[in-house]
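All of the numbers you see were taken from the coordinates with simple rules; none came from a lab. Quantities reported herein were computed from a predicted structural model and do not represent experimental measurements. Here the Cβ positions follow ideal geometry from the backbone for every residue, glycine too, while neighbour counts run over all protein chains shown.
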Amino acid sequence: MSLPSTPPAPIRLLDLAAQHAAIQPELDAALQTVLAEAAFIQGAEVERFALELGAYLGEAHVVPCGNGTDALQLALMSLNLAPGSEVILPAFTYIATAEAVAILGLRPVVVDVQAATFGLDPAAVEAAITPRTGAIIVVHLFGQCADLDLLAQVANRYNVALIEDNAQAIGATYQFEDGTERYAGTVGVVGTTSFFPSKNLGALGDGGALLTRDARRATYLRQLANHGQTRKYHHEYIGLNSRLDTLQAALLRVKLRYLASWTTARQRVAAYYDAALQATPALQIPARDPRSSHVFHQYTLTLSSAQQRDLLQQHLQHHGVPSVVYYPVPTHLQPAYQYLGYAAGQFPVAERLCTTVLSLPIHPTLTSAQLEYIAEVVRAFFVVPSPSA
Ligand SMILES: *Cc1c(COP(=O)(O)O)cnc(C)c1O
């Protein structure tokens with residue numbers, strides 16, 4: 001096996017420096033605008049960004065806020081659920097989904113996900129509904145929508161609010177069985193997103209936003225995110241101080257202009273990996289739901305065992321290919337959430353995914369030489385060396 005042990009050029013999991021270098025003059029100009037206007041909180045760039053992102057997402061109302069976790073908290077606050085109400089959420093997600101629920105004194109109700117798409121299992125959601133259920137939070141994990149047809153049906157049937165945690169699938173679209181097409185995050189009562197630097201649309205710091213098609217809810221959310229203020233020094237509600245900095249909004253306006261082309265570049269990387277790896281035994285490439293587009297926040301393989309996963313990761317590392325496990329511990333087994341009383345074995349799909357998934361580098365600036373090398377290194381792991389070699 002003549003596999004070189006070093007890549008053609010260093011491979012990074014994420015290459016924000018290269019991505020920003022390509023648009024540096026525009027980022028510099030945005031910074032100069034903010035310095036000149038000197039309105040660092042709630043400056044005009046924030047509203048301009050909100051309108052432009054809303055237009056990008058099919059005329060949704062966009063309410064910027066401090067980060068994606070605050071966005072989830074604000075979304076829940078806008079529902080005014082009774083204390084102790086239950087909120088159904090996935091066992092396989094980033095912890096922020098459960099954290100926003102718990103911090104408000106609401107009760108996270110964990111349910112399992114579907115192995116193929118990593119999305120909430122609609123049947124498990126329905127089985128978890130009780131008279132105390134106030135909301136369902138669906139996470140469009142890794143960039144593809146969960147089963148929104150069935151999840152929206154369950155939410156409607158039981159009159160429960162559907163919140164979409166869309167931190168990872170900005171710009172993804174979903175085609176309902178009736179033909180209606182919607183952007184991820186604009187289907188539920190309210191959607192949330194994050195501009196954490198590594199997300200598909202990342203700020204140069206923290207940032208987040210709420211998405212809704214309801215103008216009145218947008219107004220309410222805007223007030224909640226700004227100290228519950230209806231006009232200056234008049235506080236109708238107990239709110240948060242959670243605002244997107246003017247500087248981040250100005251930088252995000254620049255980056256939003258490139259989001260579509262960066263998404264296309266990610267999809268091209270994914271298509272390359274698909275073709276190069278689909279015939280590899282003992283490895284599953286990301287499944288596609290034909291109803292959803294996939295914006296590939298992550299390109300996540302599923303291995304056949306925990307041992308295979310860990311050995312593949314070591315093999316990749318040895319050959320200069322970074323990879324990450326998103327996520328190694330399911331929600332219900334995190335120490336902070338032991339008070340909920342869940343035990344190992346309760347959500348077998350999520351638990352198995354935590355031990356068998358592995359995400360490969362997927363960013364818009366990977367070269368074809370790097371991609372060929374990565375695929376070659378992955379395939380070499382599964383080739384049993386002949387005794388004479
Ligand atoms: C990143 C992320 C969040 C949190 O966003 P922050 O801006 O870091 O607070 C929430 N949910 C999911 C699924 C995420 O990936």
Length-normalised contact order of the chain, Cα under 8 Å, at least 6 apart, in percent, tallies to 22
So what are the chain's ellipsoid semi-axes, whole angstrom, largest first, if each one is the square root of 5 times an eigenvalue of the alpha-carbon gyration tensor?
35, 28, 17
Shape call, segment 259-382: gyration tensor on alpha carbons, a/c limit 1.5:
prolate
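Would you mind computing the Rg to Rh ratio of segment 218-312 from its alpha-carbon coordinates, Kirkwood style for Rh?
1.23
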Just rank Ser359, Ser305, Ser293, Ser5, fewest to most, by other beta-carbon atoms within 10 angstrom.
Ser5, Ser305, Ser359, Ser293
Where Rh denotes the Kirkwood radius from the mean inverse Cα pair distance, what is Rg over Rh for segment 61-145?
0.96
Using the count of nearby Cβ atoms within 10 Å as a rough guide to exposure, how do Asp274, Asp165, Asp15, Asp206 rank from fewest to most?
Asp274, Asp15, Asp206, Asp165
Count the net charge of all other residues whose Cβ sits under 13 Å from the Cβ of Gln278, scoring Lys and Arg as +1 and Asp and Glu as -1.
+1
Cβ density ranking, 10 Å radius, fewest first, applied to Thr365, Thr93 yields Thr365, Thr93
For the chain, longest principal axis from Cα atoms; helix 24-37 axis from its Cα atoms; angle between them, nearest 10 degrees, is 20
Packing-ranked peptide list from 237-245, 183-191, 143-151, highest mean Cβ count within 10 angstrom first, is 183-191, 143-151, 237-245
Which whole-angstrom value gives the distance between the alpha carbon centres of segment 242-307 and segment 328-389?
15
Can you give me the Cα centroid spacing of segment 6-63 and segment 165-207 in angstrom?
17
Expected 222 nm ellipticity per residue - DSSP helices of 4 or more, -39500 (n - 2.57), all of the chain, to 500:
-12000 deg cm²/dmol
Assuming 0.692 mPa s and 37 °C, estimate D for segment 52-197 with Stokes-Einstein, Rh taken as the Kirkwood radius over Cα pairs, in µm²/s.
219
By how many degrees, 0 to 90 and rounded to 10, does the Cα axis of helix 148-157 deviate from the longest principal axis of the chain?
40
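Loop only per DSSP, at most 15 neighbouring Cβ atoms within 10 Å: give me the trypsin sites (Lys or Arg not before Pro) in segment 277-327, ordered by residue number.
Answer in residue order: Arg288.
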